[in-house]
There are 2 protein chains.
Amino acid sequence: MNILVTLDHNYLPPLRVMLTSLLTNSPGERFAVYLIGDGLTAEDLRGLETLLTNRGCLCPVEVPEDLFADAPVARYWTRAMYYRLLAAQLLPKTLDRVLYLDPDILVINPVRPLYDTGLEGNLMAAATHTGLLAGITDPVNRLRLENYEAEAYYNSGVLLMDLAAMRREVCPADIFDYAREHADILLLPDQDILNGLYGARILGVDDSLWNYDARRFDRYLLLSQGEKDMDWVMGHTALLHFCGKRKPWNHSYQGRFSALYKHYWRLAARR
Amino acid sequence: MNILVTLDHNYLPPLRVMLTSLLTNSPGERFAVYLIGDGLTAEDLRGLETLLTNRGCLCPVEVPEDLFADAPVARYWTRAMYYRLLAAQLLPKTLDRVLYLDPDILVINPVRPLYDTGLEGNLMAAATHTGLLAGITDPVNRLRLENYEAEAYYNSGVLLMDLAAMRREVCPADIFDYAREHADILLLPDQDILNGLYGARILGVDDSLWNYDARRFDRYLLLSQGEKDMDWVMGHTALLHFCGKRKPWNHSYQGRFSALYKHYWRLAARR
């Protein structure tokens with residue numbers, strides 16, 4: 001199974017947690033982990049290789065400087081924000097499919113069913129964070145990003161990519177142009193660009209299974225009329241996404257999945 | 001490492017969770033699991049052997065009928081309540097040390113430091129569930145059980161046993177006599193007998209490490225003046241004990257360790 005991660009040095013510990021949980025919850029599965037990262041040392045990379053021992057290989061990806069010659073880099077933007085959007089350009093041409101995962105994700109069930117999802121001619125599969133406010137935020141976001149064709153505003157933390165299709169349709173110049181033209185209104189640059197340019201070419205998947213917003217336990221429970229309780233989540237959800245500013249590796253974090261995440265933090269430290 | 005578990009068929013699923021968590025959190029360690037259980041089928045035992053594959057062996061223990069010829073069996077009491085107290089009589093004579101663990105325990109860090117604890121001439125090591133009320137309940141329990149020598153009221157869910165010393169000092173007739181004489185006031189029979197007869201011969205160990213009462217997160221945090229937060233617990237506590245009537249495998253359970261326990265429930269189901 002091909003996995004893509006992009007990160008800087010600060011996110012290395014959560015990345016180790018994400019990968020530990022991925023291995024633990026996909027017994028018998030082997031992984032090729034493609035890593036596009038800035039500022040990682042040789043020691044960081046050796047540590048990741050040790051973590052993957054017997055279960056997969058680490059494939060660091062070189063980023064050609066010239067690819068970014070024309071990229072706008074505004075205020076808080078870094079090159080790293082473009083990496084997942086340019087996966088088709090950066091990954092080996094022999095690769096057809098890859099699953100991108102944010103480092104603030106905890107895997108708690110097998111991801112194979114997502115990985116094998118038919119993309120029905122779309123470029124990617126992704127999830128919308130549904131909720132009580134979904135009916136309001138989606139039209140607002142569509143208006144803001146001037147993309148009326150897209151059915152929803154997709155979260156960019158989990159992206160199943162058809163790399164062959166993306167090589168044909170995704171053009172770096174389009175991405176950089178879009179970033180330049182919308183610089184004023186991009187709140188979450190990578191996610192906004194993804195939705196603004198490619199929202200209509202994304203297949204929606206169930207966020208309660210494949211991109212569960214860990215802040216929103218009560219909301220999922222309510223929307224499902226009580227079905228999606230903790231037993232359901234632990235039995236069905238594969239990808240718990242710790243979205244937002246409060247991160248579960250901070251001391252002060254108090255969410256319902258706090259003990260679970262912090263336990264995996266220890267399991268990762270032991271590997 | 002020798003582990004002792006005693007149970008009836010109803011507690012088989014939690015036992016599988018306890019053992020899964022024990023293996024997961026003691027990498028490289030091998031276990032001999034001695035099982036004294038009533039009503040387990042051949043299939044139950046095969047399932048436990050599969051769970052232990054490559055990490056240890058299952059050793060079912062025969063209970064001789066004549067040992068219980070003189071045992072009082074009152075209202076809700078079963079023979080099973082005596083098993084842990086009679087470990088020295090029931091386990092092979094070649095065994096010197098064993099760690100008894102309740103099936104409603106989740107292991108989240110290595111137990112080796114507890115297992116290697118010097119017993120300083122005592123029969124066992126066990127923990128008291130300290131708390132804001134400890135100063136009240138311990139004298140009350142000592143009075144109730146007429147044992148003024150014991151320093152505390154020990155929880156019987158985690159017991160590190162010196163079997164050689166117990167073979168010399170623990171006498172089944174004493175236990176049955178004590179049960180008969182105190183039948184009216186025994187609230188938790190096995191635990192009350194343990195404390196009443198052998199409380200003064202038990203070495204106390206830190207409950208926040210070796211028998212953490214999972215209902216009492218806020219109390220541990222308060223008593224430690226904020227030190228024992230969730231990071232501390234996940235980094236230090238080895239044995240989380242889900243004491244009391246509300247069990248984490250029930251749908252309605254809502255404790256802080258709910259997600260963690262229910263995730264291990266799934267990991268156990270996969271083994």
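Return, for the Cα atoms of the stretch A:174-271, the radius of gyration and Dmax in Å, separated by a comma.
Spelled out, the Cα radius of gyration and Dmax of the stretch A:174-271 are 17.1, 47 Å.
Just to check I understand the Karplus step: with θ = phi - 60° and J = 6.51 cos²θ - 1.76 cosθ + 1.60, what whole-Hz values come out for the stretch B:29-35, glycine and proline as x?
Calculated HN-Hα couplings, in order: 8, 10, 10, 10, 9, 8, 10 Hz.
Given the pairs A:Lys228/B:Lys247; A:Lys228/B:Lys262; A:Lys247/B:Lys262; A:Lys245/B:Lys245, which span a C-alpha to C-alpha distance of over 25 angstrom in this model?
Details: A:Lys228/B:Lys247 19 Å; A:Lys228/B:Lys262 14 Å; A:Lys247/B:Lys262 22 Å; A:Lys245/B:Lys245 37 Å.
As for pairs spanning more than 25 Å Cα to Cα, those are A:Lys245/B:Lys245.
Provide the net charge surrounding A:Ala214, with neighbours chosen by a C-beta distance below 14 Å and charges set as Lys +1, Arg +1, Asp -1, Glu -1.
Values: positive: A:Arg215, A:Arg216, A:Arg219, A:Lys228, A:Lys245, A:Arg246, A:Lys247, A:Arg256, A:Lys262; negative: A:Asp102, A:Asp104, A:Asp207, A:Asp213, A:Asp218.
Its environment carries a net charge of +4.
Rounded to the nearest 5, what % of the DSSP beta bridges within chain B are antiparallel ones? Display every interim value, and only then the final one.
Working: 12 of 32 bridges.
Close to 40 percent.
Any number yet on Rg/Rh for the protein assembly as shown, C-alpha, Kirkwood?
1.06
If you average the sequence gap of Cα pairs under 8 Å that are 6 or more apart and divide by the length of the stretch A:2-270, what percent do you get for the contact order?
On the way: 394 pairs, mean separation 62.2, N = 269.
Computed over the stretch A:2-270, the figure is 23 percent.
Order of B:Lys245, B:Lys262, A:Lys93, A:Lys247 from fewest to most other C-beta atoms within 10 Å?
Going from least to most buried by this count: B:Lys245, A:Lys93, A:Lys247, B:Lys262.
Ordered by residue, what ³J(HN,Hα) values in Hz, to whole numbers, does the stretch B:82-87 give under the Karplus form 6.51 cos²θ - 1.76 cosθ + 1.60, where θ = phi - 60° and Gly and Pro are x?
8, 4, 5, 5, 9, 3
Per the Kirkwood treatment, what hydrodynamic radius in Å, one decimal, follows for the stretch B:2-270 from the mean inverse distance over all distinct Cα pairs?
Numbers: mean 1/r = 0.0522 Å⁻¹.
Averaging 1/r across every pair of different Cα atoms and inverting gives 19.2 Å.
What would the Debye formula give as log10 I(q)/I(0) at q = 0.14 Å⁻¹ for the alpha-carbon point model of the stretch A:1-41, no solvent?
-0.33
Search the structure for amide H atoms under 5 Å from the amide H of B:Arg215, placed 1.01 Å from N in the peptide plane, and list their residues when 5 or more places away or on another chain.
B:Cys243
Using amide H atoms built in the peptide plane, which far-off residues or other-chain residues are under 5 Å from B:Trp249 H to H?
none
Using modelled backbone amide H atoms (1.01 Å from N, in-plane), which distant-in-sequence or interchain residues come within less than 5 Å of B:Cys59's amide H?
B:Val33, B:Tyr34, B:Leu35
How would you rank B:Asp192, A:Asp96, going from fewest to most other Cβ atoms within 10 Å of each one's own Cβ?
A:Asp96, B:Asp192
Between chains B and A there is a rotation axis; tell me the chain B residue with the nearest beta carbon and how many whole Å away it sits.
Checking which Cβ lies nearest the axis yields B:Leu260, 2.
Provide an ascending nm list, one decimal, of label-point separations from B:Arg79 to the equivalent residue in each further copy; define each label point as 7 Å from Cα along Cα→Cβ.
Spacings between copies for this position, smallest first, are 7.4 nm.
How far apart are the B:Ala269 label points across copies, placing each 7 Å from Cα toward Cβ, in nm, shortest first?
Copy-to-copy label distances at B:Ala269, shortest first: 3.0 nm.
For the stretch B:203-215, what does the Karplus curve 6.51 cos²θ - 1.76 cosθ + 1.60, with θ = phi - 60°, yield as ³J(HN,Hα) per residue in whole Hz, taken in order and with x for Gly and Pro?
Running phi through 6.51 cos²θ - 1.76 cosθ + 1.60 with θ = phi - 60° gives 8, x, 10, 5, 5, 5, 9, 10, 6, 6, 6, 5, 7 Hz.
Every number here is computed from the coordinates shown, using simple stated rules; none is lab data. Keep in mind the model is a prediction, meaning the values are calculated, not measured. In this analysis, Cβ positions are derived from the backbone assuming ideal geometry, glycine residues included, and neighbour counts consider all displayed protein chains.
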